[in-house]
Amino acid sequence: METEILARIQFAFTIAFHYIYPPLSIGLGLILVVMEGLYLRTGNKLYEQMTRFWIKIFALIFGIGVATGIVMEFEFGTNWATYSKYVGDIFGSALAAEGIFAFALESGFLGVLLFGWNRVGPRVHFFSTVMVWLGSMFSAVWIVVANSWQQTPAGYHIVGEGLNARAEITDFWAMVFNPSSVDRLSHVWIGSFLAGAFLVLSVNAWYILKNRHLAIAKPAFKIALVVAALSSLAQLFTGHRSAEGVAQNQPAKLAALEGHYDSLAVADMYLLGWVDQQQESVAGIQVPGGLTFLLHQDFETPVRGLRSFPEDERPRQVNAVFQFYHLMVAIGMALIGLSWLGVWMWRRGRLFEQRWLRRVFVWAVVLPQIANQAGWFAAEMGRQPWVVYGLLRTSDAVSRTVTANQIAFSLALFTLVYVVLLVLFLYLLTRKIQHGPEDGSHHPEENEAFSRRENPLMRRPQQP
């Protein structure tokens, strides 16, 4: 296998594994802020107990996330030396900003978050929780800014020629607010909120099925359900905004996302399908003119297709881009339906009466993760053959001195280590979930009765 392909596989594998954890940290951080904020407002110890429990889960996720993220920085230098030289000034500033403004903030307050319950006042501890969550949010800012610059470069000029060429920043804020960064950042944030919310929904749905920790599980489930319902609708908006940006700045990628080949014609929107790259056609279920309508609010404006681009400037795996994109969209719509079905059941006072719905929520934890991964794969594969869009080809960015055998060997080692880390993470997570919150009670009926008296989230909403 070629060196370039192996290097891409290795980086895709490491970043996909790492990307399991940062979205969970961001989303779970938001829910921790809500839980502890409710504790400060109401003084109800149930909120304190659920916050303490989920902080332990957060710490586990944070630790694994840090360990798996370090590797990627070394891969830039080993497998992608030309790329590193080309974008070093751009990435260096973004990664330095992450370290100063994000990671230091998050890790600095993490100690207070974990060990400060009996050492600082409730308001100081809540402030630490907010700072840890904001630190995780800021970390996403600089990573997405760096990646978005690759998609839509801005605020730079090129110094040198050939292998000695590199991009230098001429306008820092133009680089930060490049044409795609804001839309992509909001999309990543909302996807992270969904990942965290569905983790909390899954665990508490399991507790309710097992009739355990009901006094804590039911209000925690409702908190996460509110976050999931609002975030799922917001994701629909941010996804549309991001697609409009792709249409303007990366038209070849947009054409690949929908398998649109006609050079300049009204574009259909596919609900599902299969792309035949040799025949340059798509077989599937489509909405005639649907893509044109979404982009231009009419059914007549033509959209550029893949045939309008030279073959060496089109994404290489159009069907893969198409499938990942449509998988992300399908899951996004499913999350809207599932979360708002839960809200509807809540309004009718039947949220915890449907055993099948609780089982669905238990397993739905994987859906935001799959959607997040599929979205990144569609974005990165759709950018090909460019590693920096329109400036540097992927084939030119690979290190010249690294051999395919060396990459294959390191990939095998990474796979082994990451499998061990995944098994360890799942084992520790399962143990913490099985242990549950330290509510100190073995009488769920009494706890639930208490929570209904003291906890406003446990009361049935009044019918309008």
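Annotations for the structure displayed:
- Subset of region 282-302 [part of a strand (DSSP E or B), surrounded by 14 or more Cβ atoms within 10 Å (Cβ to Cβ) and among the aliphatic types (A, V, I, L, M)]: VAL282
- Pair list, Cβ < 6 Å and 6+ apart or interchain, from region 400-421 residues that are under 14 Å from LEU6 (Cα atoms) to residues that are in a helix (DSSP H, G or I) and at pLDDT below 90: ALA404/THR3
- Picking from residues in region 413-423 that are hydrophobic (A, V, I, L, M, F, W, C) and surrounded by 11 or more Cβ atoms within 10 Å (Cβ to Cβ), the one that is farthest from GLU48 (Cα to Cα) is PHE414.
- The residue that is nearest to THR301 (Cα to Cα), counting only those in region 249-281 that are part of a helix (DSSP H, G or I) and out of contact with any Ser or Thr (no Cβ under 9 Å at 6 or more places or on another chain), is LEU254.
- Of the criteria (1) surrounded by 15 or more Cβ atoms within 10 Å (Cβ to Cβ); (2) farther than 23 Å from ASN178 by Cα; (3) at pLDDT 90 or above; (4) not small (Gly, Ala, Ser), which one ASP262 fails: (3)
- If the condition is being more than 19 Å from the chain's Cα centre (by Cα) and surrounded by fewer than 20 Cβ atoms within 10 Å (Cβ to Cβ), then region 357-385 contributes LEU357, ARG359, VAL360, VAL362, PRO385.
- Candidate set: region 33-48, residues that are surrounded by fewer than 24 Cβ atoms within 10 Å (Cβ to Cβ) and of a type in the set (A, V, I, L, M); chosen: the one nearest to PRO122 (Cα to Cα): LEU40
- Candidate set: region 50-96, residues that are more than 24 Å from ASP171 (Cα to Cα) and among the hydroxyl-bearing types (Ser, Thr, Tyr); chosen: the one modelled with the highest pLDDT: THR51
- On inspection, VAL87 qualifies as in contact with a strand residue (DSSP E or B) (Cβ under 8 Å, 6 or more places away or on another chain) and surrounded by 15 or more Cβ atoms within 10 Å (Cβ to Cβ).
- The listed residues are SER84, SER128, SER93, SER107, and the only one of them that is in contact with a Gly (Cβ under 8 Å, 6 or more places away or on another chain), over 26 Å from ILE31 (Cβ atoms) and not basic (Lys, Arg) turns out to be SER84.
- Which numbered condition THR51 fails, given (1) surrounded by fewer than 18 Cβ atoms within 10 Å (Cβ to Cβ); (2) in contact with a helix residue (DSSP H, G or I) (Cβ under 9 Å, 6 or more places away or on another chain): (1)
Okay, residues lined up against (1) at pLDDT below 50; (2) closer than 23 Å to LEU38 by Cβ; (3) surrounded by 11 or more Cβ atoms within 10 Å (Cβ to Cβ); (4) in contact with a strand residue (DSSP E or B) (Cβ under 9 Å, 6 or more places away or on another chain):
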{"site": "SER410", "(1), (2), (3), (4)": "no, no, yes, no"}
{"site": "PHE425", "(1), (2), (3), (4)": "no, no, yes, no"}
{"site": "LEU429", "(1), (2), (3), (4)": "no, no, yes, no"}
{"site": "PRO437", "(1), (2), (3), (4)": "no, yes, yes, no"}
{"site": "GLY440", "(1), (2), (3), (4)": "yes, yes, no, no"}
{"site": "ASN447", "(1), (2), (3), (4)": "yes, yes, yes, no"}
{"site": "PHE450", "(1), (2), (3), (4)": "yes, yes, yes, no"}
{"site": "MET458", "(1), (2), (3), (4)": "yes, yes, yes, no"}
{"site": "GLN463", "(1), (2), (3), (4)": "yes, no, no, no"}
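- Single residue of region 147-198 satisfying the filter (among the charged types (D, E, K, R) and over 23 Å from GLY245 (Cβ atoms)) that is surrounded by the fewest Cβ atoms within 10 Å (Cβ to Cβ): GLU161
- Test for ILE190: is it in contact with a Ser or Thr (Cβ under 7 Å, 6 or more places away or on another chain), modelled with pLDDT under 95 and of a type in the set (A, V, I, L, M, F, W, C): no
- Residue list for region 136-194, restricted to those being touching a residue at least 40 places away in the same chain (Cβ under 8 Å), in a loop (DSSP other than H, G, I, E, B) and under 25 Å from the mean Cα position of the chain (by Cα): THR152, PRO153, PRO179, SER180
- Residue check for ALA7: part of a helix (DSSP H, G or I), in contact with a helix residue (DSSP H, G or I) (Cβ under 6 Å, 6 or more places away or on another chain) and modelled with pLDDT of 90 or more: yes
- Taken over region 195-219, the criterion of being under 16 Å from VAL343 (Cβ atoms) and touching a residue at least 24 places away in the same chain (Cβ under 8 Å) is satisfied by ALA197, PHE198, VAL200, LEU201, ALA205, LYS218, PRO219.
Yes/no per residue for (1) polar (S, T, N, Q); (2) in contact with a Gly (Cβ under 7 Å, 6 or more places away or on another chain); (3) closer than 27 Å to ILE331 by Cα:
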| position | (1), (2), (3) |
| --- | --- |
| LEU351 | no, yes, yes |
| GLN369 | yes, no, yes |
| ALA374 | no, no, yes |
| VAL388 | no, no, no |
| VAL398 | no, no, no |
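- Residue match in region 225-238 (condition: more than 30 Å from MET50 (Cα to Cα) and either assigned to a loop (DSSP other than H, G, I, E, B) or more than 24 Å from the chain's Cα centre (by Cα) (or both)): no
The values are calculated or read from the model by the stated rules, or taken from the named source; none is laboratory data. If you're wondering where the values come from, they're calculated on a predicted model, not measured in any experiment. A quick note on method: Cβ atoms are made from the backbone with ideal geometry, for glycine too, and the neighbour counts reach across all protein chains shown.
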